[in-house]
Amino acid sequence: MTLAAVRNLASPRVLSSAVDEEDFEQEIVDQYALALAAAGAGDGSVEFNCRAAVEFVRSSDRRLWAVGAEDADRYLVRLRREQGRKPSTVQGYAGAIARFYDFVVSRYQGDIHALTGCVVTQPIDEFNRPAKANHASVRVPPARAEVEELFGQWAAHLPSTRKYLPAARDYLAASLWRRGGLRIRETAMLDMRDWRPDLGRWGKLHIRYGKGSRGRGPKTRLIPAIDGIDTLMQWWLTDVRHQFDDDWRNPDAPLLPSERRDEMTGSCTRIGTDPLRSGLAAAVGAWLPDWKGRLTPHGLRHYCASELYGRGVDLKAIQDLLGHNWLSTTTHYIHVPTQHIENEWLHANDRTALRLLG
């Protein structure tokens with residue numbers, strides 16, 4: 001992506017024609033793109049945020065400093081009803097527009113008022129801001145007994161699998177989702193150097209390609225090898241990984257390799273996310289058929305959060321493990337048994353009775 005050369009908006013000027021106004025608008029958009037790039041946003045994120053802002057402004061037939069909440073109302077209704085966009089898509093566009101106008105108000109309110117006499121307002125307000133659509137369908141994971149059955153059968157059948165190495169790799173990946181709450185891309189991007197047995201009580205995995213917020217690039221974190229992850233890593237590195245390739249001594253080699261070879265180096269290439277997803281789907285179809293087509297890598301991430309919470313792990317600790325920015329996001333990953341409220345009510349009554357008796 002190439003950014004246009006931008007001029008200092010604080011320099012004196014007069015908007016004497018429609019062309020001057022168009023140039024002024026474009027300079028603001030270019031400044032916004034530059035600010036996003038400076039904050040670490042990827043090219044795709046910069047392109048989407050700028051495109052959404054420009055499309056919105058053009059839909060209103062007004063200059064960007066003159067639009068208001070009523071223009072946003074019409075635009076969002078058009079996206080939803082006339083164009084049939086999904087709620088999550090409408091939410092994404094609304095968020096992009098809101099971020100753009102936060103930028104305009106914060107940085108250039110004074111310049112715009114001096115040049116146009118307009119006071120810029122945020123068109124996405126508390127009344128037309130779309131509700132979060134990503135919580136509409138709840139990813140309730142399987143019960144503990146079902147997950148234990150799946151992984152128990154999977155492990156038992158590994159030695160007799162026709163293609164042992166990819167099956168073992170898929171099993172390890174799914175175990176990391178189940179026990180450590182890793183995302184599928186985080187798992188695929190692990191290198192040999194990312195396993196750090198020297199850190200902490202059980203060792204740690206260095207997640208270098210965590211999901212960043214607002215397209216700001218990877219977010220790194222260290223997660224402890226709890227819940228048997230340390231044992232799994234020892235098995236993988238001792239018994240399996242070297243059978244793929246002798247590049248296991250290279251710290252930059254993929255921790256989870258593919259069977260395919262790089263034409264230039266002859267070494268194994270990195271596994272993609274689709275084979276890992278297919279490996280889990282095949283195992284679920286074979287040993288947990290009631291969940292066929294429903295249990296995904298992200299579903300196991302939800303299972304991990306729910307299981308840890310059920311064991312009494314602190315919410316903040318689960319948040320750090322999953323790599324969430326906000327605790328509110330973590331709470332949507334936790335699914336407690338249906339009798340949880342009844343049990344808590346009984347415990348509360350018991351505590352009240354003890355206080356009265358005391």
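The values are calculated or read from the model by the stated rules, or taken from the named source; none is laboratory data. A quick note: this is a predicted structure, and the numbers were derived from the prediction, not measured. Positions of Cβ are backbone-derived with ideal geometry, glycine not excepted, and every protein chain shown enters the neighbour counts.
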Of the residues in region 173-189, those that are surrounded by 22 or more Cβ atoms within 10 Å (Cβ to Cβ), of a type outside the set (G, A, S) and either more than 23 Å from L315 (Cβ to Cβ) or out of contact with any helix residue (DSSP H, G or I) (no Cβ under 7 Å at 6 or more places or on another chain) (or both) come to I184, E186, T187
Could you count how many residues in region 195-249 are small (G, A, S) and under 22 Å from the mean Cα position of the chain (by Cα)? 6
The lone exception for L182 - which of (1) assigned to a loop (DSSP other than H, G, I, E, B); (2) over 16 Å from T273 (Cβ atoms) it fails: (2)
What is the residue count in region 13-61 for residues that are part of a helix (DSSP H, G or I) and closer than 29 Å to T220 by Cα? 18
For region 274-295, does any single residue satisfy the condition of being assigned by TED's automatic domain parsing to the domain that holds R178, touching a strand residue (DSSP E or B) at 6+ places or on another chain (Cβ under 9 Å), surrounded by fewer than 19 Cβ atoms within 10 Å (Cβ to Cβ) and farther than 30 Å from G95 by Cα? yes
Top-ranked residue in region 256-273 [being surrounded by 14 or more Cβ atoms within 10 Å (Cβ to Cβ) and among the aliphatic types (A, V, I, L, M); ranked as nearest to D239 (Cα to Cα)]: L256
Sort out which residues of region 52-84 are in contact (Cβ under 8 Å) with a residue 12 or more places away in the chain and more than 15 Å from P123 (Cα to Cα), and write them in order of number. R78, L79
Inspect all residues belonging to region 125-143 and state whether any of them is surrounded by 12 or more Cβ atoms within 10 Å (Cβ to Cβ) and modelled with pLDDT of 95 or more. no
Within region 32-79, residues charged (D, E, K, R) and buried (at least 16 other Cβ atoms within 10 Å of the Cβ) come out as R63, D71
Can you name the residue in region 203-220 that is modelled with pLDDT of 95 or more and either part of a loop (DSSP other than H, G, I, E, B) or in contact with a helix residue (DSSP H, G or I) (Cβ under 8 Å, 6 or more places away or on another chain) (or both) and is also surrounded by the most Cβ atoms within 10 Å (Cβ to Cβ) among such residues? L205
So which helices (runs of 4 or more DSSP H) stay within region 284-351 end to end and still have 3 or more residues that are more than 26 Å from K219 (Cα to Cα), of a type in the set (S, T, Y) and modelled with pLDDT under 90? none
Anything in region 254-277 that is without any contact (Cβ under 8 Å) to a residue 24 or more places away in the chain and over 16 Å from M189 (Cβ atoms)? List them, or say none. R260, R261, D262, E263, M264, T265, G266, S267
